[in-house]
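The values are calculated or read from the model by the stated rules, or taken from the named source; none is laboratory data. Keep in mind that what you see is a predicted model, and the values were worked out from it rather than measured. When we count neighbours, we look across all protein chains shown, and the Cβ atoms used for this are built from the backbone with ideal geometry, even at glycine.
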Amino acid sequence: MEQSLDIIFDLCFGSSGKGLIGGYLATKNKYHFAIESYGVQAGHTVIKEDGTRYIVQQLPQALINNDTRLYIGAGAVIDLEQLQNEVDQYLGGKESAKNRLFIHPRASVIQQRHRDWEKEIIRSGSTFKGVGAASAFKVMRHPDHKLMRDIPEWSDFMADTAEMACDDLRQGKAGILEVAQGFELGINHGLQYPNCTSRECSPMQGLSDNGIPIKFVRNIYGVIRTYPIRISNEMAKEDGGQAYSGDGGIELTWEEVEKRSGAHPGTFSSKEYSTVTKKLRRVFELDINRIKRAVKLTGVTKLAVNFIQYINYQDAGITEYDKLSDKSKTFIEMVEKATCVPVILIGTGARNDQVIDRTI
């Protein structure tokens, strides 16, 4: 049996650029399928070489490869309106999506009650999209909770995605498992509770949520960014409330990051608004000891480092490692020495062609 499943996930708090790396890998490796169990609280942005932008919360980011089949696993938490919008925008509507998109019948469906409950109860930096509440209702087997199998208009897309993925892998077909959010947001092994998400964000959790045995795993790509971010504290202003999104280490300002890199004021901060909430992100110094811990607990075999231009803005858009500045190379070497894991991919910009691939 050939190991042909790659896993991609975030080692920080999310928003480390998995879309860039996932899109690059999907284009390079031409995966037969992509599988994930996303919740609608996280967004993934992929920008092709021609500037075409894809922003997904429910569909796999590997959709940019038209030959890749798209599987949504049993652990997914689905907002029906968002799913419909993405299918219409990126797959040409339901009719065109048939025989390409497959959804596990046990994926959860978000209802308005889930959003309302989170806004009333949670004050820990939630996006209040109803994902955590819907997941809890599923665990409790609440009699009114709905799964995708209960939604007639999506019946044509129901399939055992776990069995399909395993059959593909047994035949030696390559696939990619995309894990949403970031390891340090994990509810059990992340940085802190209750300032966390509603589940673990690890390769092991991704395999479990999607029903795939570990024996099929080929590579585990851990993605980090040069300056980790967390969502804004301005998440719950309604009704006079305010949420705290949690500690992230030594907090910086975007002005400081721009000054260090040599970028003009506003260069980075103008781009650092979260995909889902549209709030300016908080930014922190990289704590390499936490990255080492995340690597240890997740079994990462390859690293991808994004936003290297935040170390030295002169490196923006470079696609050859030899052309990177010494300052950026020193950063990459520090990460490799500390983690004992090779940095294979380096993101120097937002587009899929702005990646340094050290394997070619």
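Among the residues of the range 124-140, how many are part of a helix (DSSP H, G or I) and in contact with a His (Cβ under 7 Å, 6 or more places away or on another chain)?
Narrowing the range 124-140 to residues part of a helix (DSSP H, G or I): 131-139.
Among the residues that remain, those that are also in contact with a His (Cβ under 7 Å, 6 or more places away or on another chain) are: 133-134, 137-138.
So the answer is 4.
Identify the residue in the range 168-190 that is within 22 Å of the chain's Cα centre (by Cα), surrounded by fewer than 21 Cβ atoms within 10 Å (Cβ to Cβ) and free of Cβ contacts under 8 Å to residues at least 24 places away in the same chain and, among all such residues, is farthest from Gly17 (Cα to Cα).
Taking the range 168-190 first, the residues within 22 Å of the chain's Cα centre (by Cα) are 174-190.
Then drop every residue that is not surrounded by fewer than 21 Cβ atoms within 10 Å (Cβ to Cβ), which leaves 174, 187-189.
From what is left, the residues that are free of Cβ contacts under 8 Å to residues at least 24 places away in the same chain are 187-188.
On the way: Ile187: 21, Asn188: 23 Å.
In this case the residue turns out to be Asn188.
Looking for whichever is surrounded by 15 or more Cβ atoms within 10 Å (Cβ to Cβ), outside any loop (DSSP other than H, G, I, E, B) and charged (D, E, K, R) here; the options are Lys337, Lys329. Which one fits?
Values: Lys337 fails: surrounded by 15 or more Cβ atoms within 10 Å (Cβ to Cβ).
Being surrounded by 15 or more Cβ atoms within 10 Å (Cβ to Cβ), outside any loop (DSSP other than H, G, I, E, B) and charged (D, E, K, R) holds for just one of Lys337, Lys329, which is Lys329.
Would you check if Glu86 is acidic (Asp, Glu), modelled with pLDDT of 95 or more, crowded, with 21+ Cβ neighbours inside 10 Å and touching a strand residue (DSSP E or B) at 6+ places or on another chain (Cβ under 6 Å)? Show your work before the answer.
Values: acidic (Asp, Glu): yes; modelled with pLDDT of 95 or more: yes; crowded, with 21+ Cβ neighbours inside 10 Å: no; touching a strand residue (DSSP E or B) at 6+ places or on another chain (Cβ under 6 Å): yes.
So Glu86 does not fit the description; no.
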Seminar exercise, completed: Restricting attention to the range 317-326, the residues that are hydrophobic (A, V, I, L, M, F, W, C) and assigned to a helix (DSSP H, G or I) number exactly 0
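Would you check if Phe216 is among the aromatic types (Phe, Trp, Tyr) and buried (at least 23 other Cβ atoms within 10 Å of the Cβ)? Full working, then the answer.
Values: among the aromatic types (Phe, Trp, Tyr): yes; buried (at least 23 other Cβ atoms within 10 Å of the Cβ): no.
No, not satisfied.
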Exercise. Does at least one position in the range 301-316 carry a residue that is without any contact (Cβ under 8 Å) to a residue 40 or more places away in the chain, of a type in the set (Val, Ile, Thr) and outside any loop (DSSP other than H, G, I, E, B)?
Worked result: no
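Give the range 149-186 a look and list any residue that's in a helix (DSSP H, G or I) and farther than 28 Å from Glu2 by Cβ, or say none.
So the first thing to find is which residues in the range 149-186 are in a helix (DSSP H, G or I), and the list is 149-150, 152-157, 161-170, 183-185.
Of everything in the range 149-186, those that are in a helix (DSSP H, G or I) and farther than 28 Å from Glu2 by Cβ turn out to be Arg149, Asp150, Pro152, Glu153, Trp154, Ser155, Asp156, Phe157, Glu184, Leu185.
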Exercise. Has the range 263-275 got at least one residue that is over 24 Å from Ile346 (Cα atoms), in contact with a helix residue (DSSP H, G or I) (Cβ under 7 Å, 6 or more places away or on another chain) and either in a helix (DSSP H, G or I) or at pLDDT 95 or above (or both)?
Worked result: no
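Here are Ala165, Ala159: which of them is surrounded by 18 or more Cβ atoms within 10 Å (Cβ to Cβ), under 21 Å from Leu70 (Cα atoms) and of a type outside the set (Val, Ile, Thr)?
Numbers: Ala159 fails: surrounded by 18 or more Cβ atoms within 10 Å (Cβ to Cβ).
Going through Ala165, Ala159 in turn, the sole match is Ala165.
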Exercise. If you scan the range 127-156, which residues turn out to be surrounded by fewer than 20 Cβ atoms within 10 Å (Cβ to Cβ), more than 30 Å from Ser232 (Cα to Cα), touching a residue at least 60 places away in the same chain (Cβ under 8 Å) and not β-branched (Val, Ile, Thr)?
Worked result: Asp156
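Test Gly92 against the stated conditions and say whether it is buried (at least 20 other Cβ atoms within 10 Å of the Cβ) and either within 19 Å of the chain's Cα centre (by Cα) or closer than 30 Å to Glu272 by Cα (or both). Give the steps one after another, and end with the answer.
Working: buried (at least 20 other Cβ atoms within 10 Å of the Cβ): no; either within 19 Å of the chain's Cα centre (by Cα) or closer than 30 Å to Glu272 by Cα (or both): yes.
Judged against the criteria, Gly92 is not a match.
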